[in-house]
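> Before I ask anything, here is the structure I am working with.
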């Protein structure tokens, strides 16, 4: 039986990948900083992340699947959520790749992002490009998967889409940043898990794959699709980026979360969450919305709470 190590095995996409690995007969090792704090109902073998221990946590591992990253940098709050940053995530991931190299891992399947760019002023896309180069420099065989956004089996697993629906349910109007003609290609998390495991079991040369869904929507079209799915009509207003950011910041303060950052708005408007060509997913967002419309947006999904 081959052994696969998966970061974030108690979290979101890592949990789906781990379940798919078990279905395919792999032994799963979960790399986590959340051991003892999050439930482990599947009983996975858990090991600490390599940047928090001197142990050889990848000993005996055939394939490493990395889903670790942070959506935005956060300064933390006294008595509340801990700080995290893109710079820290880049350094930690470099440590993970170095541990894989020392352990002689046979392949690394790494989660990146659509349209990474080492010259970008946006830390998310710049950091992802830096890590793609760092992985290639290890000399290990790899598969780099570039998703845009994920949606899952429950509303709470689809933060952006759920919270857009929440906004439709709670606000008299919603907004696009500018005209909203920038695109998104969401992929279902199970499609992503299956793709990750296909690559884990592959002996193909190192490669980069655009792991996007089969449907493409502009941001304005996504608002309209969501509104039709949950049966609510709201005006969709184009607003300047600065106005949209201030509105998102105010709403975030009201719910105790970071709803959208200035950098995320810039990444959206630069059309970085879509690529040319057809997607690899098989599960359609339009059908998923019909199936989950009754529950979508009833509760706000907090990014900071998910990171506890």
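> Of all residues being in contact (Cβ under 8 Å) with a residue 12 or more places away in the chain and over 18 Å from the mean Cα position of the chain (by Cα) in the stretch 264-281, which is nearest to residue 242 (Cα to Cα)? Just the residue, please.
So in the stretch 264-281, the residues in contact (Cβ under 8 Å) with a residue 12 or more places away in the chain come out as 264-275, 277-281.
From what is left, the residues that are over 18 Å from the mean Cα position of the chain (by Cα) are 269-270, 277-278.
On the way: 269: 12, 270: 15, 277: 32, 278: 33 Å.
The selected residue is 269.
> While we're on this one: Please verify whether the stretch 20-30 includes one or more residues that are closer than 27 Å to residue 159 by Cβ, touching a strand residue (DSSP E or B) at 6+ places or on another chain (Cβ under 9 Å) and in contact (Cβ under 8 Å) with a residue 60 or more places away in the chain.
Scanning the stretch 20-30 turns up at least one residue that is closer than 27 Å to residue 159 by Cβ, touching a strand residue (DSSP E or B) at 6+ places or on another chain (Cβ under 9 Å) and in contact (Cβ under 8 Å) with a residue 60 or more places away in the chain.
> Specify the residue that is farthest from the chain's Cα centre (by Cα); the eligible residues are those in the stretch 108-136 that are surrounded by 22 or more Cβ atoms within 10 Å (Cβ to Cβ) and more than 29 Å from residue 265 (Cβ to Cβ).
Among residues in the stretch 108-136 that are surrounded by 22 or more Cβ atoms within 10 Å (Cβ to Cβ) and more than 29 Å from residue 265 (Cβ to Cβ), the one farthest from the chain's Cα centre (by Cα) is 108.
> Surrounded by fewer than 24 Cβ atoms within 10 Å (Cβ to Cβ), assigned to a loop (DSSP other than H, G, I, E, B), touching a helix residue (DSSP H, G or I) at 6+ places or on another chain (Cβ under 6 Å) and in contact (Cβ under 8 Å) with a residue 24 or more places away in the chain - does that describe any residue in the stretch 157-167?
We begin by selecting, within the stretch 157-167, every residue surrounded by fewer than 24 Cβ atoms within 10 Å (Cβ to Cβ); these are 157, 159-160, 164, 166-167.
Those still in the list that are assigned to a loop (DSSP other than H, G, I, E, B) too: none.
Within the stretch 157-167, none of the residues are surrounded by fewer than 24 Cβ atoms within 10 Å (Cβ to Cβ), assigned to a loop (DSSP other than H, G, I, E, B), touching a helix residue (DSSP H, G or I) at 6+ places or on another chain (Cβ under 6 Å) and in contact (Cβ under 8 Å) with a residue 24 or more places away in the chain.
> Being modelled with pLDDT of 95 or more and crowded, with 22+ Cβ neighbours inside 10 Å is the requirement here; does residue 139 meet it?
Working: modelled with pLDDT of 95 or more: yes; crowded, with 22+ Cβ neighbours inside 10 Å: no.
Criteria not met by residue 139.
> Go over the candidates 276, 286 one by one and state the one that is over 15 Å from residue 177 (Cβ atoms) and part of a helix (DSSP H, G or I). Give the derivation first.
Numbers: 276 fails: part of a helix (DSSP H, G or I).
Answer to the selection: 286.
> While we're here: In this structure, does residue 145 turn out to be in contact (Cβ under 8 Å) with a residue 12 or more places away in the chain, in contact with a strand residue (DSSP E or B) (Cβ under 7 Å, 6 or more places away or on another chain) and part of a strand (DSSP E or B)? It would help to see each step written out before you state the result.
Values: in contact (Cβ under 8 Å) with a residue 12 or more places away in the chain: yes; in contact with a strand residue (DSSP E or B) (Cβ under 7 Å, 6 or more places away or on another chain): yes; part of a strand (DSSP E or B): yes.
For residue 145, the condition - in contact (Cβ under 8 Å) with a residue 12 or more places away in the chain, in contact with a strand residue (DSSP E or B) (Cβ under 7 Å, 6 or more places away or on another chain) and part of a strand (DSSP E or B) - is met.
> Six or more apart or on different chains, Cβ atoms under 7 Å: show the pairs whose first residue is in the stretch 201-224 and within 16 Å of residue 191 (Cα to Cα) and whose second is part of a helix (DSSP H, G or I).
These pairs meet every condition: 211/192; 211/195; 213/285; 215/285; 215/286.
> Next question. From the list 265, 209, which residue is crowded, with 16+ Cβ neighbours inside 10 Å and part of a strand (DSSP E or B)?
Values: 265 fails: part of a strand (DSSP E or B).
So the residue among 265, 209 that is crowded, with 16+ Cβ neighbours inside 10 Å and part of a strand (DSSP E or B) is 209.
> Continuing with this model, one more query. Please go through the stretch 186-197 and pick out each residue that is under 15 Å from residue 212 (Cα atoms) and out of contact with any strand residue (DSSP E or B) (no Cβ under 7 Å at 6 or more places or on another chain). Steps first, please.
Going through the stretch 186-197, the residues under 15 Å from residue 212 (Cα atoms) turn out to be 186-196.
Once the filter is applied, which keeps residues that are under 15 Å from residue 212 (Cα atoms) and out of contact with any strand residue (DSSP E or B) (no Cβ under 7 Å at 6 or more places or on another chain), the stretch 186-197 yields 190, 191, 193, 194.
> Let me ask something else about it. I need the full set of residues from the stretch 289-308 which are surrounded by fewer than 19 Cβ atoms within 10 Å (Cβ to Cβ) and part of a loop (DSSP other than H, G, I, E, B), in order please.
Selection gives 293, 294, 295, 298, 299, 307, 308.
> Then there's this: Would it be correct to say that residue 153 is touching a residue at least 12 places away in the same chain (Cβ under 8 Å) and part of a loop (DSSP other than H, G, I, E, B)? Before you say what the answer is, go through the steps one by one.
Details: touching a residue at least 12 places away in the same chain (Cβ under 8 Å): yes; part of a loop (DSSP other than H, G, I, E, B): yes.
Answer is yes for this residue.
> Another question about this same structure. Give me the residue from the stretch 70-90 that is surrounded by 13 or more Cβ atoms within 10 Å (Cβ to Cβ) and not in a loop (DSSP other than H, G, I, E, B) and, out of that set, modelled with the lowest pLDDT.
Restricting attention to the stretch 70-90, the residues satisfying the condition of being surrounded by 13 or more Cβ atoms within 10 Å (Cβ to Cβ) are 70-74, 81, 84-86, 88-90.
Applying the additional criterion that residues be not in a loop (DSSP other than H, G, I, E, B) yields 74, 84, 86, 88-90.
Values: 74: 66, 84: 70, 86: 86, 88: 92, 89: 91, 90: 93.
Only one residue fits best here, namely 74.
> In the stretch 228-245, how many residues are more than 24 Å from the chain's Cα centre (by Cα) and assigned to a helix (DSSP H, G or I)? Steps first, please.
Here is the first cut: in the stretch 228-245, the residues more than 24 Å from the chain's Cα centre (by Cα) are 228, 230-240, 242-243.
Then keep just the ones that are assigned to a helix (DSSP H, G or I); that gives 228, 230, 242-243.
Here the count works out to 4.
> Would you check which residues across the stretch 22-45 are outside any strand (DSSP E or B) and over 23 Å from residue 198 (Cβ atoms) and list them?
Of the stretch 22-45, the ones outside any strand (DSSP E or B) are 22-26, 32-34, 36-37, 39-44.
32, 33, 34, 36, 37, 39, 40, 41, 43 - these are the residues of the stretch 22-45 that are outside any strand (DSSP E or B) and over 23 Å from residue 198 (Cβ atoms).
The values are calculated or read from the model by the stated rules, or taken from the named source; none is laboratory data. If you're wondering where the values come from, they're calculated on a predicted model, not measured in any experiment. No Cβ is skipped: glycine too gets one built from the backbone with ideal geometry, and neighbour counts run over all protein chains shown.
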